[in-house]
Amino acid sequence: MLQRRDFLKTSAAMTSALALPNVARAQASKLLRFVPQANLSSLDAVAGTQYVVRNAAFLVWDTLYGIDSALTPKPQMCEGHTVDAELKTWTFKLRAGLKFHDGEKVTTRDVVASLNRWMVRDTMGQIIKSRLDALEAIDDLTFRFRLNQPFSKMLFALGKNNAPVAFIMPERIAKTDPFKLISEYVGSGPMRFRADLWVPGANAVFDRYTDYSVRPEPADWLSGGKQMHFDRIEWKIMPDAATAGAALQSGEVDWWENPIADLVPLLRKNKNIAVDIADPFGNIGSLRMNHLHPPFNDVRARKALLMALDQQDYMQAVVGDNPDLWKRLPSFFTPGTPVSTEEGGDLLKGPRNYEAAKKLLSEAGLLGSKVTLVVATDIAITKAQGDVTADMLKRIGFEVDFVATDWGTLGARRAKKDPPSQGGWNIFHSWHAGADCVNPAPYTALDAGGDKAWFGWPKSDAVQAGILNWYAAADLGAEKLAMAALNKASFDNVTYAPTGFFLLYQAWRNSVSGVVKAPFPVFWGVQKA
Amino acid sequence: MFAYIVRRVIATIPVVAIVALFIFSLLYFAPGDPAAIIAGDQATPADVERIRASLGLDRPFVVRFVEWSWQVMQGNLGVSIFTNLPVSKMIAQRIEPSLSLMLLTLTFAISVAVPLGVLAAWKHGTWIDRVVMMFAVFFFSVPVFVVGYLLAYTFALQLDWFPVQGYTPFSISDPLPWLRNLVLPAAALGGAFVALIARITRATMLEVLSQDYIRTARAKGVSQRPILFMHALKNAAVPIVTIIGIGFAGLIGGAVVTESVFAIPGVGRLVVDAILRRDYPIIQGVVLMLSFTYVLVNLCVDLLYTLFDPRIRY
């Protein structure tokens with residue numbers, strides 16, 4: 001029979017065993033535990049454009065070309081290419097010996113099927129498709145684009161990091177409808193996705209692909225040798241920022257992709273943790289207006305917003321007081337990139353002028369108009385911008401209908417073209433990764449093609465002409481000229497209102513080395529002591 | 001008794017059917033669009049529309065409801081819109097952590113709360129009673145996530161006794177990692193439950209202890225322990241069991257929060273993620289499962305009454 005004293009002894013022993021210091025936590029250096037920015041709910045970075053999906057897909061799939069940190073496309077799966085003088089016939093040769101994770105060889109049949117799927121969804125792909133006479137496999141390793149018009153941006157299109165990315169999949173998978181998610185995750189990238197260990201919303205596991213053919217050049221973003229130093233990478237989905245921060249501090253995870261600004265001071269105090277800027281290209285805040293309905297179907301109302309909009313208010317609301325994390329941006333394009341420009345951005349420069357904004361609205365007969373501002377309050381960045389906008393709109397004489405909602409609802413509502421009084425909207429906020437705003441190619445939000453444009457449906461022939469001029473530009477000088485004209489046309493049209501440029505952090509344990517700044521987490525080259 | 005159980009199980013069918021219709025209608029008319037989430041922020045409206053069509057979300061309510069109901073009747077809860085995985089598989093992946101958390105929480109709550117409630121009733125009006133009730137009020141008033149953060153900060157970050165987050169599957173050969181992962185979440189989730197059960201136990205025990213048969217037992221010289229645990233507690237058990245059953249619903253709600261705070265891959269987090277993404281098949285599947293479970297728990301509670309009170313017969 002169990003005696004009281006025995007029971008107490010056993011309980012004490014169990015309690016001390018449970019509460020042993022967490023020394024057993026020390027993990028093998030071949031395992032990396034990573035907390036991504038969001039839940040990984042699929043892996044198809046062609047059918048969808050979510051950043052988290054694209055980031056995971058970079059581990060599993062490879063691309064024909066890959067951009068480096070100077071945004072120059074370099075051969076990746078390709079050995080090289082030739083192009084005729086007219087830039088119409090592009091012939092590519094694959095590297096020999098490439099294999100998919102199921103052991104099958106990568107052939108040009110896979111490439112053609114993958115590119116055909118990608119061309120339906122990607123903006124640059126659609127331009128290639130519109131100029132395409134044929135995309136053909138010459139032999140197992142050689143394939144060719146035959147175009148009826150020159151296209152100088154082919155290598156960038158095939159190697160860019162913006163989703164939809166031109167990932168190469170086995171032909172049987174690539175034949176999936178481009179508007180449907182794939183359900184088999186076989187690539188030829190440096191890591192294999194372990195679908196059998198996937199717990200969506202909690203855990204995703206990637207194992208090193210031992211047959212991966214590493215390029216000899218040093219790795220630089222998506223180019224060069226993607227040398228993996230881990231046998232396994234585990235993505236730990238943590239919806240709660242405080243939990244992720246605590247897990248990083250206690251050593252239960254190694255790398256956190258996007259610590260929130262509030263927790264950064266705490267993380268900095270921990271000598272075992274490094275904190276640095278995640279993406280040098282940062283992000284551009286966006287105030288998106290609906291061009292279909294009053295008051296913002298009138299360009300004067302849109303310009304009045306630019307006169308009153310103070311980017312400092314927005315950026316401090318988004319990232320706090322640290323001036324290193326934000327800057328004013330009188331441009332639609334990412335600052336500090338090869339073709340960035342501020343041409344035409346004068347309305348965003350200098351002191352804010354509420355009176356001038358009111359006067360302009362008055363002239364347009366729009367003073368006192370009702371504005372339906374739909375704000376996703378479950379996302380800190382959109383919530384912060386929405387609060388500033390509500391205040392600004394009131395100051396210049398609008399009546400504000402502030403609709404607080406979640407991102408899922410906003411995603412549906414912003415697609416409605418109905419008037420705001422019938423479930424539509426006037427303004428919503430978002431933000432664009434700076435890497436998507438380096439030029440017009442991946443920049444969906446800049447398009448001003450009316451009905452076919454991004455939400456808000458801006459229409460401007462000058463903007464559309466500017467985009468085409470950039471595509472036609474043959475050298476950097478011509479690109480810069482095209483970009484300047486495009487930026488000016490976009491400000492003349494007020495396609496949307498940039499609310500500023502801001503940077504976000506990443507944090508990792510000091511035992512991890514080789515973390516680089518990039519628009520996506522770069523796992524190759526990273527090591528753990 | 002057997003006939004009663006069969007009748008009650010059959011009675012769950014219309015309940016679950018009504019829940020199914022209600023949840024399907026609610027989701028159909030609620031704003032939100034999984035196609036927009038799949039497409040991502042950079043997709044054009046036309047892309048979103050095409051994805052919506054490819055998912056069959058543009059079809060009429062009746063068509064979708066009939067199709068889904070037919071699937072459910074065949075035991076098929078459908079496939080997740082995002083992962084393409086069967087909903088039943090996704091629920092199965094998440095059952096063990098949730099069940100573990102709930103069982104541990106229930107065990108902890110009952111084993112702590114019932115003795116505390118009995119003690120408070122026995123020492124009614126003394127400082128012991130007041131201290132017990134003060135703790136009960138405190139834990140009942142403080143939200144689960146606050147208790148969770150405080151426990152994690154103290155026992156995981158500062159003292160390094162337990163992990164901050166995560167879940168280790170149960171292993172019969174080495175259950176300690178499983179237990180270490182669940183101690184803090186169970187304590188956080190159990191706090192409010194302990195408070196609730198302790199208060200009910202105290203109140204019902206006070207009522208029973210004032211009954212004539214207890215006075216008679218005392219007059220006959222029966223010692224305190226048998227009076228408390230054999231005579232009083234058994235007669236006070238029916239309301240306590242009832243409140244444990246009702247509290248099970250609260251436990252499910254609390255588990256949603258606790259699983260998020262401690263990053264436990266349970267059913268609660270599954271359904272929260274699904275709601276945020278509008279992954280309709282998962283939401284419908286989980287709600288159906290939970291409503292069925294709740295009906296079964298109530299049945300178990302009703303059957304337990306017969307153990308504690310022989311006068312109750314079905």
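In table form, for the structure just shown:
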quantity: Among (1) at the interface with chain B (Cβ under 9 Å from one of its Cβ atoms); (2) touching a residue at least 12 places away in the same chain (Cβ under 8 Å); (3) crowded, with 21+ Cβ neighbours inside 10 Å - the single one A:ASN439 does not satisfy; calculated: (1)
quantity: Criterion (closer than 24 Å to A:ALA518 by Cα, modelled with pLDDT of 95 or more and of a type in the set (D, E, K, R)) met by exactly one of A:ASP254, A:ASP298, A:ASP262; calculated: A:ASP254
quantity: Tabulated pairs, the range B:139-152, first in the same structural domain as B:VAL183 (by TED's automatic domain parsing), second of a type in the set (D, E, K, R), C-beta under 9 angstrom, 6+ apart or interchain; calculated: B:PHE140/B:ARG199; B:PHE145/A:ASP240
quantity: Test: residue in the range A:413-433 that is more than 9 Å from chain B (Cβ to nearest Cβ), within 25 Å of A:ALA482 (Cβ to Cβ), hydrophobic (A, V, I, L, M, F, W, C) and in a loop (DSSP other than H, G, I, E, B); calculated: no
quantity: Some residue of the range A:388-406 being aromatic (Phe, Trp, Tyr) and away from every other protein chain (no Cβ under 11 Å); calculated: yes
quantity: A:ALA473, sole failed condition from (1) more than 11 Å from chain B (Cβ to nearest Cβ); (2) on the phi > 0 side of the Ramachandran plot; (3) in contact with an Asp or Glu (Cβ under 9 Å, 6 or more places away or on another chain); calculated: (2)
quantity: The listed residue being free of Cβ contacts under 8 Å to residues at least 12 places away in the same chain, touching a Phe, Trp or Tyr at 6+ places or on another chain (Cβ under 9 Å) and either of a type in the set (A, V, I, L, M, F, W, C) or crowded, with 24+ Cβ neighbours inside 10 Å (or both), out of A:ALA412, A:ALA478; calculated: A:ALA478
quantity: All helices (runs of 4 or more DSSP H) inside the range B:3-83 with 2 or more residues being touching a Ser or Thr at 6+ places or on another chain (Cβ under 9 Å), of a type in the set (A, V, I, L, M, F, W, C) and more than 8 Å from chain A (Cβ to nearest Cβ); calculated: B:61-73
quantity: Tally, over the range B:115-150, of residues that are within 11 Å of chain A (Cβ to nearest Cβ) and touching a helix residue (DSSP H, G or I) at 6+ places or on another chain (Cβ under 6 Å); calculated: 2
quantity: Unmet criterion (only one of (1) assigned to a helix (DSSP H, G or I); (2) more than 13 Å from chain B (Cβ to nearest Cβ); (3) of a type in the set (Val, Ile, Thr); (4) touching a Phe, Trp or Tyr at 6+ places or on another chain (Cβ under 7 Å)) for A:VAL371; calculated: (1)
quantity: Out of A:PHE167, A:PHE143, A:PHE179, sole residue that is away from chain B (no Cβ under 12 Å), touching an Asp or Glu at 6+ places or on another chain (Cβ under 9 Å) and under 30 Å from B:VAL87 (Cα atoms); calculated: A:PHE167
quantity: Test set (1) within 14 Å of another protein chain (Cβ to nearest Cβ); (2) surrounded by 19 or more Cβ atoms within 10 Å (Cβ to Cβ) - B:ALA232 fails condition number; calculated: (1)
quantity: Condition broken by A:SER188, with the remaining ones in (1) surrounded by 22 or more Cβ atoms within 10 Å (Cβ to Cβ); (2) within 14 Å of chain B (Cβ to nearest Cβ); (3) in contact (Cβ under 8 Å) with a residue 60 or more places away in the chain satisfied; calculated: (2)
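The values are calculated or read from the model by the stated rules, or taken from the named source; none is laboratory data. Owing to the predicted nature of the structure, the values given are computational and were not obtained by experimental measurement. When we count neighbours, we look across all protein chains shown, and the Cβ atoms used for this are built from the backbone with ideal geometry, even at glycine.
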